[in-house]
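Right, one structure below, let's go through it.
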Amino acid sequence: MTGPGREDIPIAADDDVVRIRQVVRSYAQRARLSLVDQTKLVTATSELARNTLTYGGGGSAVVEMLGEGRRQGVRASFADSGPGIPDIELALTDGWTSGRGMGLGLSGARRLVDEFTLDTEVGRGTTVTVVKWSR
Amino acid sequence: MTIGTGRSDNLAELLRASGEVLTRRWVELAAEPLRGRLSVAELERELADLYAAILAGLDTGDRDPNSDAFAEVRALLSEMSRRRARAGFTPSETAVGVFTLKRAMFELLDQAEIAGGLAEVVAFSLLLDAFGLWTFETFAKAREEVIDEQAEQLLELTTPVVKLWDGVLAVPLVGTLDSARTQVVMEKLLESLVTTGAAHAIIDITGVLAVDTQVAQHLLKTVMAARLMGAECTISGIRPHIAQTIVGLGIEFGDITTKASLADALRHALRRAGVDLVAGDRRG
Ligand SMILES: Nc1ncnc2c1ncn2[C@@H]1O[C@H](COP(=O)(O)OP(=O)(O)OP(=O)(O)O)[C@@H](O)[C@H]1O
Ligand SMILES: [Mg+2]
């Protein structure tokens with residue numbers, strides 16, 4: 001058995017963020033990502049999961065194994081039905097925060113992964129999906 | 001039971017015809033050792049899915065537990081084992097879900113005539129044995145995962161502040177850090193600075209799996225607070241992959257002193273404290 005190919009994890013508390021980090025790390029190891037890439041992906045997902053919790057009011061994460069020819073990858077997606085992000089460009093600006101953070105989570109996560117999509121609508125919610133491929 | 005010598009796919013037919021009676025008895029037998037720790041409705045759902053998958057497999061005429069015909073059965077059993085392992089059931093309480101089907105089948109055979117013959121009953125019985133072992137195996141793997149996770153979480157809980165030298169405190173951070181725990185550790189360190197009057201603190205992050213903005217923010221705030229209290233704080237043990245990730249995130253540690261290892265940080269602290277370190281000449 002090689003382990004599950006997909007996992008749904010609710011995000012409702014701090015512990016869930018820790019759990020997501022652990023799941024993503026084990027997927028990244030199975031996808032044979034290098035230690036640096038594992039750490040980058042885990043850190044990015046940690047940021048996004050916490051945003052889902054803090055700003056989205058909670059939601060859920062889906063972690064998936066990807067296979068494309070000889071390449072393997074991990075996709076993690078974070079969805080909430082919170083307030084949405086009114087100004088995406090501002091939210092993705094280094095150092096900008098509407099709360100008391102460093103304002104580096106979202107923009108930093110984007111730099112740490114290979115693919116980054118942000119889907120948000122005011123009043124409807126936010127979904128951020130990231131992918132990291134093995135090299 | 002009456003054993004005939006007819007065709008060989010009659011077992012599947014019998015199982016299908018008696019599906020309802022058989023699964024009811026199966027659920028009854030399987031529920032007994034679990035003593036209400038799992039709802040009957042949940043068990044019914046699990047076993048009904050499993051039963052359907054087993055029938056579909058048998059229909060192909062295949063009797064090899066590792067063949068594609070039974071891939072669905074194996075997947076369902078893996079899921080079931082993982083759930084049981086996480087919920088704290090024992091391996092026997094998990095495998096009983098498979099072995100009780102055998103008992104239910106034998107009870108049924110007592111009353112029915114099976115045209116497929118002894119060979120067919122034996123083949124099915126062997127198949128169920130193999131599935132039972134499969135649940136044991138996946139259960140063991142899932143248990144290992146749970147234990148790993150718990151060990152990791154335990155590490156996070158035990159983070160002591162140690163005195164390395166007169167006036168030099170150190171706190172090693174280990175594992176994956178969540179907000180609450182990092183904050184506890186940092187507060188503990190600041191308290192210790194007050195009670196010991198130490199002028200230097202070292203936060204060693206060699207054992208940290210990842211530094212995200214939240215952990216970084218806690219680190220920065222602690223260093224600033226220590227400064228206000230007149231103490232200098234060094235961060236040591238930033239490993240290469242963590243360093244690259246910190247840079248990727250865009251975090252800047254500014255004028256905070258960072259050292260590769262705890263030993264380097266201690267040497268730095270001692271030099272600041274005016275302690276002379278002399279390379280150890282071996283005395284003749
Ligand atoms: N899921 C979300 N729903 C609504 N707003 C969000 C969401 N994620 C991010 N934002 C907005 O984008 C801003 C920037 O997010 P970012 O993660 O970069 O910074 P931060 O969370 O404030 O601080 P940190 O550096 O600690 O992550 C947030 O302050 C918030 O206003
Ligand atoms: Mg953030």
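Taking amide H as placed 1.01 Å from N in the peptide plane, A:GLY84 has its amide H under 5 Å from the amide H of A:GLY123, A:GLY125, A:THR126, each at least 5 places away in sequence or on another chain.
Annotation: amide H of B:VAL208 within the under-5 Å range of B:GLY175, sequence separation 5 or more or interchain, hydrogens built in the peptide plane.
Placing unit charges on the Cβ atoms of the charged side chains and taking the dipole of the protein assembly as shown about its Cα centre, the candidate lying farthest along the positive direction among A:VAL128, B:ALA225, B:GLY36 is B:ALA225. Here the convex hull built on the C-alpha positions of segment B:61-140 has a volume of 83 cubic angstrom per residue.
Whole number please: convex hull volume per residue, Cα atoms of segment B:162-272, in Å³.
87
Once Rg and the Kirkwood radius are both taken over the C-alpha atoms of chain B, their ratio Rg/Rh works out to 1.31.
About its Cα centre, segment B:162-272 has a charge dipole of approximately 220 debye under the convention of +1 per Lys or Arg Cβ and -1 per Asp or Glu Cβ, with nothing else charged. Taking Cα atoms of segment A:64-135, Rg/Rh with Kirkwood Rh, to two decimals? That ratio is 1.04, to two decimals.
The share of alpha-carbon pairs in segment A:6-133 lying farther apart than 27 Å comes to 13%.
Label positions at A:ARG30 and B:ASP110, each projected 7 Å from the Cα along the C-beta direction, are separated by 4.3 nm. Put a plus charge on the Cβ of each Lys and Arg, a minus charge on the Cβ of each Asp and Glu, and nothing anywhere else: the dipole of the protein assembly as shown about its Cα centre is then about 1480 debye. Which one, A:GLY69, A:GLY125, A:GLY82, has the greatest fluctuation when you compute a Gaussian network model over chain A with C-alpha springs under 10 angstrom? It is A:GLY69.
From the residues B:VAL121, B:VAL247, B:GLY57, which one has its Cα farthest along the dipole of chain B in the positive direction, the dipole being from +1 and -1 charges on Cβ of Lys/Arg and Asp/Glu about the Cα centre? Most positive-ward Cα: B:VAL247.
So for the protein assembly as shown: antiparallel DSSP bridges make up what percent, rounded to the nearest 5?
In the protein assembly as shown, DSSP labels about 65 percent of beta bridges as antiparallel.
In terms of other Cβ atoms within 10 Å, B:TRP134, B:TRP26, A:TRP96 run from fewest to most in the order A:TRP96, B:TRP134, B:TRP26. Annotation: the antiparallel percentage among DSSP beta bridges lying fully within chain B is about 15. Exposure proxy shown here: for A:VAL74, B:VAL98, the number of other Cβ atoms within 10 Å sets the order, fewest to most, as B:VAL98, A:VAL74. Here the Gaussian network model covers chain B, with springs between Cα atoms less than 10 Å apart; of B:VAL171, B:VAL73, B:VAL122, B:VAL122 fluctuates the most. Assuming charge only on the beta carbon of Lys and Arg (+1) and of Asp and Glu (-1), the dipole of chain A about its Cα centre is about 640 debye to the nearest 20.
Fewest neighbouring Cβ atoms within 10 Å first, the residues B:LEU127, B:LEU249, B:LEU55, B:LEU118 line up as B:LEU118, B:LEU55, B:LEU127, B:LEU249. Bridgeable lysines around B:LYS141 (alpha carbons under 29 Å apart, same-chain partners fewer than 8 residues away excluded): A:LYS40, A:LYS132, B:LYS102.
Here, the protein assembly as shown has an Rg and a Dmax of 28.6, 96 Å when only alpha carbons are counted.
Can you list the DSSP H helices in chain B whose Cα atoms extend at least 24 Å along the helix axis and whose mean Kyte-Doolittle hydropathy is 0.0 or higher? Those that clear 24 Å and a mean of 0.0 are B:40-59, B:91-111, B:118-157, B:179-196. Its relative contact order, with pairs defined as Cα atoms under 8 Å and 6+ residues apart, puts segment B:3-83 at 28 percent. For segment B:162-272, DSSP calls about 15 percent of its internal beta bridges antiparallel. For chain B, the relative contact order comes to 15 percent (Cα pairs under 8 Å, sequence separation of at least 6).
Compare the peptides A:46-56, B:43-53 by average per-residue count of other Cβ atoms within 10 angstrom and give them in order, highest first.
Values: A:46-56: 24.6, B:43-53: 17.5.
Answer by packing, highest mean first, reads A:46-56, B:43-53.
No value in this document is a laboratory result; all are computed from the given coordinates. Small disclaimer: the values here were computed from a predicted structure and weren't measured. As a convention, Cβ positions derive from the backbone with ideal geometry for all residues, glycine included, and neighbour counts pool all protein chains shown.
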